[in-house]
Amino acid sequence: MSDISHLVQFLFSGITVGSVYALIAVSLVIVYKVSQLICFAQGEFFVFGALTMTTLVSKGVPVPLAFFLSIIIAMVLGALIQQVLIRPMKNTSVGALIVMTIAISLALRGLALLIWGRESHVLPPFSRGEPIQILGAALQLQILWIVGITAVVLLLIWFFFEKTPAGIAMRACAENPYGASLMGINTQRTTLFAWAWGSGIGALAGMAVAPMLFTQYTSGIMPMVKGFIAMSIGGLGSIVGSVIAGLLLGLVESYTIGLISSKFSDTIVFALLMAVLVFRPNGLFSRS
Amino acid sequence: MEKNGHILTISGVTKTFDGVRALDDVSFSIRSGDIKALIGPNGAGKTTLLNAVSGLNPPTNGSVLLEGRDVVGLRTDQIASLGMSRTFQLIRLFTINNATVLDNVLLGAHMHLKPTLFGTIFLRRKIKRQEREITQKAMDLLKLVGLEKDAHAFPGELSFGNQRLLELARALMTDPKMLLLDEPASGLNDTEVEEFTRLLMTIKQQGITILIVEHNMKLVMNIADDIVVLDFGRKLAEGPPSAICANPDVIQAYLGVQSTECGVPL
Amino acid sequence: MNTLKRYWWLILLAAIAVYPVIGKPSPYRSGLLIFAGIYIILAVGLDLLMGYTGQISVGHAAFFAVGAYTSGILTAKYGFSPSAAMGVGVVFSATLAFLTGRPVLALKEYYLAMATLAFNEIVVTLIIGFEGLTGGASGLRDIPPFTIFGFSLLNHLHYYYFVWTVVVLVIASALAVVRSPFGRALIAIHSDEQAARSFGVNCAKYKTRAYMLAAVYASIAGSLFAHYMGFIAPDDFGILTSINLLVMLFLGGIGTIFGPALGALFLKLLPEITYQFQDYELLINGIILIVVLVFFPRGLFGIFTALRNKIVPRMGK
């Protein structure tokens with residue numbers, strides 16, 4: 001392979017990984033916007049999405065149906081968690097809330113262990129076919145799926161927040177919950193809705209990369225951490241910021257692994273995060 | 001040091017928030033040992049001025065001389081250690097980890113103890129002795145404000161008025177030269193205001209200079225040696241109570257209906 | 001009764017001291033108790049930082065790692081005596097906490113959580129990366145046993161007494177800190193940073209001091225861990241360990257010193273009960289924690305004190 005083909009290959013893997021980070025970051029941001037809460041259990045939805053779909057497909061359920069069923073299951077799970085476990089914790093400290101979501105993630109991980117065991121599972125690619133050759137680099141078809149799904153999700157989110165009454169209500173809730181409730185917006189329902197969305201998108205991220213990963217019950221931890229990073233670099237509450245940060249993170253990772261060192265790529269990523277937090281606490285893309 | 005007998009001299013203090021001038025070139029000074037009142041309509045910049053003086057929110061421009069030393073640019077805790085203490089308009093007591101009323105007052109001694117980690121762990125005897133001494137002093141102060149029975153209660157269990165008194169005791173615990181009080185009498189009933197007036201006079205007799213922001217004009221007229229009136233971030237007038245009462249600008253801008261209170265100055 | 005209330009800790013000490021003699025624990029059980037002791041040291045330090053000073057850390061295991069690897073590397077590769085290596089680890093951890101404390105602790109809530117998490121990962125990835133020194137992902141072997149005054153700790157019993165002696169010292173010093181003017185300043189910072197500043201508390205300095213003390217405890221815990229195990233690997237010090245510490249804090253009752261100690265003891269002894277259904281352990285941990293958070297926000301220690309107050313009626317103050 002030539003140098004250029006290497007660079008292109010790194011670009012592909014960077015965009016793939018970056019899309020996943022972006023999706024997870026967006027799922028975190030949606031929940032954060034309405035609940036002012038970062039849910040440490042988001043990585044578990046990633047795992048549940050991937051493994052539910054794998055199981056369904058292996059049982060002979062057609063791929064499209066399995067796809068939607070898995071998303072719906074994750075959404076119901078997320079809404080349920082919000083309703084039963086998060087809602088009663090309204091007036092507690094940030095620390096207690098963080099630990100609550102950690103508790104939920106432990107329980108979900110434990111549940112995943114019971115359902116799917118300790119082994120890894122692979123989902124067949126969404127469509128068969130040879131990788132496309134571009135400038136000497138191989139582009140797997142699943143990457144197109146991943147990028148396509150990410151794009152569609154982001155478009156839907158944009159449309160939802162900008163054009164639909166429910167989305168505008170959700171934005172109002174995020175900006176001023178009290179004012180929103182005065183205006184007759186049902187903040188509880190909106191919050192529930194946001195959790196369902198967030199969980200669904202988290203699951204989607206897992207499903208999209210499931211054909212390229214060996215997913216097991218602990219697989220949610222690293223994607224979740226990277227999603228956090230993207231979210232923090234993008235500014236905690238910004239969807240656009242975290243999408244850009246997610247893609248950027250994927251690219252930085254891919255190129256440092258490829259060109260500099262695979263050993264220290266995570267060191268660099270986390271050092272970058274610390275630098276952003278210390279020097280630009282409102283996110284890399286914030287004004288002023 | 002106490003040049004002209006002035007303990008605090010504020011000159012040209014300006015504070016802008018996003019281009020809006022909350023304080024506009026405010027200057028005045030306070031004689032050592034005086035009670036100076038800062039009055040004016042809501043939003044005139046009174047709390048902003050206190051925050052600028054105490055360093056919580058430093059001024060954009062101007063100087064604040066405490067005993068001749070410019071404190072603008074110093075950290076809040078450094079300014080406090082120079083002998084400036086305060087109470088808050090919205091009560092801010094320490095309530096976490098079951099901190100008691102007594103604990104709140106004891107914290108006032110922090111700047112004199114400056115506890116170190118080493119001393120805390122390895123010089124237990126010294127710490128214990130210190131603790132006995134300051135506890136005695138804290139109890140005396142609680143007695144002064146009438147809260148000695150509540151020493152081991154939690155601040156949240158006190159009435160609103162008593163929480164304000166607790167804030168005062170905490171501020172006195174620092175041995176301040178200068179005390180900034182932000183609406184200390186709001187929410188007190190008439191009897192409590194009277195007791196509070198006597199308390200302020202006692203504090204004054206100890207030689208502590210007081211800058212007080214207050215809406216209760218009766219209290220202000222009773223205790224203030226001198227008054228500054230703020231309006232829209234500017235100094236509108238300054239002078240002894242009788243002069244302020246007679247000032248037509250002040251009556252128009254602020255006193256208006258309240259001017260009956262001025263009928264009985266001092 | 002009053003004397004009982006005053007000197008109950010003597011009973012606790014006696015119980016710790018005589019347990020191995022009377023209980024004759026198996027090596028497995030002593031091992032659990034030794035791990036529990038090490039985690040108590042970590043949790044108590046984190047409680048100073050989080051429960052008292054109010055600064056969230058999702059990266060406390062970083063200092064656990066620094067202590068363990070300093071001890072491991074210096075004794076296994078450079079022939080240092082274990083106590084000297086532990087001392088170097090303590091100095092190193094305290095310096096690291098001092099240098100990172102100011103910028104990191106200027107952050108709040110989630111930003112602070114993220115920064116501490118990042119710090120933890122940086123330390124772990126550096127350990128994995130510098131294979132030549134640390135043994136990388138496969139771990140560092142052949143760490144000699146601990147020696148004090150020429151006496152080697154050779155069996156579980158020795159380690160049990162040594163670790164629990166350190167536990168007692170750590171708890172005693174932590175209590176000394178929180179029940180002092182120093183601790184009052186920390187609580188003031190936790191309650192209201194601006195107000196604390198108005199009373200002369202140099203918040204950045206005191207936060208950093210609390211962070212340094214927690215780091216020192218964690219470093220000591222790391223050294224003990226390294227010598228007891230004889231083998232350490234990066235997995236023991238990742239953010240999952242840090243998260244486990246948070247769980248211990250809230251499970252036991254944050255901001256009470258004894259609570260987090262109880263939480264650590266409970267979580268580390270739990271395998272004793274749950275080992276028969278291994279695959280359920282994670283789920284059980286999660287559910288226990290959820291139940292505690294929802295129904296007993298003051299944790300196990302809160303339940304304990306409530307029970308004590310019921311049995312022993314409240315003494316007059």
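The values are calculated or read from the model by the stated rules, or taken from the named source; none is laboratory data. As the structure is a computational prediction, the values presented were derived from the model and not from experiment. Cβ atoms come from the backbone with ideal geometry, glycine included; neighbour counts cover every protein chain shown.
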Quiz item: Of (1) over 25 Å from residue C:182 (Cα atoms); (2) exposed (fewer than 13 other Cβ atoms within 10 Å of the Cβ), residue B:144 satisfies all except one. Which?
Solution: (2)
Practice problem: May I ask you to list pairs of residues, at least six apart or on different chains, whose Cβ atoms are under 7 Å apart, with the first in segment C:102-116 being more than 11 Å from residue A:38 (Cα to Cα) and the second being charged (D, E, K, R)? | Solution: C:105/C:207
Practice problem: Can you work out which of the residues in segment B:69-86 that are polar (S, T, N, Q) and without any contact (Cβ under 8 Å) to a residue 40 or more places away in the chain is surrounded by the fewest Cβ atoms within 10 Å (Cβ to Cβ)? | Solution: B:78
Quiz item: Can you find even one residue in segment B:90-110 that is touching a Pro at 6+ places or on another chain (Cβ under 7 Å), over 23 Å from residue B:155 (Cβ atoms) and crowded, with 17+ Cβ neighbours inside 10 Å?
Solution: no
Quiz item: For segment C:285-297, which residues satisfy the criterion of being more than 7 Å from chain A (Cβ to nearest Cβ) and under 27 Å from residue A:119 (Cβ atoms)?
Solution: C:288
Quiz prompt | Matching entry among C:96, C:126 (being under 28 Å from residue A:276 (Cβ atoms), more than 13 Å from chain A (Cβ to nearest Cβ), of a type in the set (A, V, I, L, M) and part of a helix (DSSP H, G or I)) | solution = C:96
Quiz item: In this structure, does residue A:111 turn out to be modelled with pLDDT of 80 or more, within 14 Å of another protein chain (Cβ to nearest Cβ) and surrounded by 13 or more Cβ atoms within 10 Å (Cβ to Cβ)?
Solution: yes
Quiz item: Looking at segment B:207-259, which of the residues that are hydroxyl-bearing (Ser, Thr, Tyr) and at pLDDT below 85 is surrounded by the most Cβ atoms within 10 Å (Cβ to Cβ)?
Solution: B:254
Quiz prompt | Residue satisfying condition, being out of contact with any Ser or Thr (no Cβ under 9 Å at 6 or more places or on another chain), of a type in the set (A, V, I, L, M) and within 24 Å of residue C:200 (Cβ to Cβ), within set B:38, B:102 | solution = B:38
Quiz item: Applying the selection to segment B:177-196, what residues are surrounded by fewer than 17 Cβ atoms within 10 Å (Cβ to Cβ) and either under 14 Å from the mean Cα position of the chain (by Cα) or under 25 Å from residue C:199 (Cα atoms) (or both)?
Solution: B:186, B:187
Quiz item: Listed residues B:35, B:10; which is in contact with a Phe, Trp or Tyr (Cβ under 7 Å, 6 or more places away or on another chain), buried (at least 18 other Cβ atoms within 10 Å of the Cβ) and assigned by TED's automatic domain parsing to the domain that holds residue B:229?
Solution: B:10
Practice problem: Could you look through segment C:149-169, keep only residues that are hydrophobic (A, V, I, L, M, F, W, C), touching a residue at least 60 places away in the same chain (Cβ under 8 Å) and in a helix (DSSP H, G or I), and pick out the one that is farthest from the other protein chains (Cβ to nearest Cβ)? | Solution: C:157
Practice problem: Would you mind listing the helices (runs of 4 or more DSSP H) fully within segment A:202-288 where at least 1 residues are more than 14 Å from every other protein chain (Cβ to nearest Cβ) and surrounded by fewer than 21 Cβ atoms within 10 Å (Cβ to Cβ)? | Solution: A:239-255
Practice problem: For segment B:50-70, state whether one or more residues are more than 15 Å from the chain's Cα centre (by Cα), among the acidic types (Asp, Glu) and assigned by TED's automatic domain parsing to the domain that holds residue B:249. | Solution: yes
Exercise. Please indicate, with yes or no, whether at least one residue in segment A:1-21 is out of contact with any Pro (no Cβ under 7 Å at 6 or more places or on another chain), over 23 Å from residue A:226 (Cβ atoms) and not in a helix (DSSP H, G or I).
Key: yes
Quiz item: Can you tell me which residue in segment C:298-307 is surrounded by the fewest Cβ atoms within 10 Å (Cβ to Cβ), limited to those that are more than 12 Å from chain A (Cβ to nearest Cβ) and under 28 Å from residue A:86 (Cβ atoms)?
Solution: C:306
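Let's see how each residue does on (1) in a helix (DSSP H, G or I); (2) within 22 Å of the chain's Cα centre (by Cα); (3) closer than 30 Å to residue A:58 by Cβ:
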residue	(1), (2), (3)
A:119	no, no, yes
A:129	no, no, yes
A:133	no, no, no
A:143	yes, yes, yes
A:149	yes, yes, yes
A:155	yes, yes, no
Quiz item: Which of the residues belonging to segment C:226-278 are crowded, with 22+ Cβ neighbours inside 10 Å and touching a strand residue (DSSP E or B) at 6+ places or on another chain (Cβ under 8 Å)?
Solution: C:226, C:232
Quiz item: What are the residues in segment B:67-110 that are more than 8 Å from chain C (Cβ to nearest Cβ) and closer than 26 Å to residue B:186 by Cβ, if any?
Solution: B:79, B:83, B:84, B:87, B:89, B:90, B:91, B:100, B:101, B:102, B:104, B:105
Exercise. Assess whether residue C:62 counts as being under 29 Å from residue A:227 (Cα atoms), of a type in the set (A, V, I, L, M) and crowded, with 17+ Cβ neighbours inside 10 Å.
Key: yes
Practice problem: Sort out which residues of segment A:87-103 are more than 7 Å from chain C (Cβ to nearest Cβ) and under 23 Å from residue C:281 (Cα atoms), and write them in order of number. | Solution: A:97, A:101
Quiz item: Counting just the residues of segment A:53-92 that are surrounded by 17 or more Cβ atoms within 10 Å (Cβ to Cβ) and hydroxyl-bearing (Ser, Thr, Tyr), which one comes out farthest from residue A:124 (Cα to Cα)?
Solution: A:70
Exercise. Select, from A:205, A:138, A:107, A:194, the only residue that is under 28 Å from residue C:294 (Cβ atoms) and in contact (Cβ under 8 Å) with a residue 40 or more places away in the chain.
Key: A:194
Quiz prompt | Members of segment B:111-132 that are exposed (fewer than 15 other Cβ atoms within 10 Å of the Cβ) and either at the interface with chain C (Cβ under 7 Å from one of its Cβ atoms) or under 11 Å from residue C:184 (Cβ atoms) (or both) | solution = B:124
